[in-house]
Amino acid sequence: MKKKYVEFLNLAVVDSSPIKNSEFLKSVAMEVIFALLIFIVSIFREGEMHDVSMIILYITFYHILVSLFMFLVFQKFSKSKLLQLIPVSSILISHVEFLFWGSLFWGKNYWSVFTILISLSLIFQLLTFVYQLLIVPKAKKLPHGEYRKNLLFLPSVVCIFISAIVVVIAHLITLPGIYIITSLVAGSIACLPFYWLEYARVFTGWKKKSTKNFIYRGEIK
C-alpha cells in the first residue's frame, strides 16, 4: 500500500515546491470570504441560529488573526515545517468551520447534523483514498495531463459536478436555500482530497522513494 501511495503522489503532485507566502495569503483570503458570507447570512438569522452564527464568525476572525501572525513569523523561519503546516492545515480548519455553519440551516438539531457531516466527510476521504490506490496501475498508462488527474480524483470530480448542477437548478427554479447550502457542503467535502496533496509539499520524503517503474512527474524512470 505504501508503494502504491508513493506512486500516486508522483502521479498526482504537480507542484512539489516548498510552501511559500502565497499559500498563507490564499488561506487568509478564503477565511475572509467565508467570514463575509457568515456575516451576510447572519443578518437574516434570528434567535439561537443567529447567536451560533456569530460564534462561528468570531472563531473565523481569530483564525484569520492567527494565520496573519504566523505569516509574519514565517518570514523569519520559512524553513520550519511546523510553520509550513499552518496554511495547509488552515484549509482543514476552514472545512470543519464550513460544515458546522452549513449544519445550522437544518434547524436546532445542528449538532447531530454536524456530526453526520463530519462522518460523511471522513468516509468520503477514506473511500477516495482507497480508490486512488486501486486506480494507480491504470492511471500510470495514461498520458500526463488533466485526463490522468481527473481519473485519479474521479469521485471528487463527479461530486463537484453534481453539486454545481444542483446549485444552478435550485437557483433557476427557486428551490429552498437548503438545497444550495447542502450542495455547497457536498462540494466542500468533495474538494478536500485535492488539498491533502499540499501536505506532500511539506513532507517530501516520498520523492526519495524508489519503486519499480518509478514515475516522476508523468515520466516512467
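The values are calculated or read from the model by the stated rules, or taken from the named source; none is laboratory data. This one's a predicted model, so the numbers in the text were calculated from it and none came from an experiment. We place every Cβ from the backbone using ideal geometry, glycine too, and count neighbours over all the protein chains shown.
Data overview
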read-out	value
Enumeration of residues in segment 76-96 that are under 21 Å from Val41 (Cβ atoms) and either outside any helix (DSSP H, G or I) or at pLDDT 90 or above (or both)	His95, Val96
Test result for Ser156, more than 21 Å from Val113 (Cβ to Cβ), small (Gly, Ala, Ser) and modelled with pLDDT under 90	no
Test for Ile178: is it exposed (fewer than 15 other Cβ atoms within 10 Å of the Cβ), touching a Phe, Trp or Tyr at 6+ places or on another chain (Cβ under 7 Å), part of a helix (DSSP H, G or I) and of a type in the set (Val, Ile, Thr)	yes
Close pairs (6 angstrom Cβ cut-off, 6 or more residues apart or separate chains): surrounded by 11 or more Cβ atoms within 10 Å (Cβ to Cβ) in segment 127-150, modelled with pLDDT of 90 or more and of a type in the set (A, V, I, L, M, F, W, C) anywhere	Asn150/Val157
Yes/no for Phe124 being buried (at least 18 other Cβ atoms within 10 Å of the Cβ) and either among the β-branched types (Val, Ile, Thr) or more than 29 Å from Phe8 (Cα to Cα) (or both)	no
Total residues in segment 45-88, condition under 30 Å from Asn109 (Cβ atoms) and of a type in the set (Val, Ile, Thr)	6
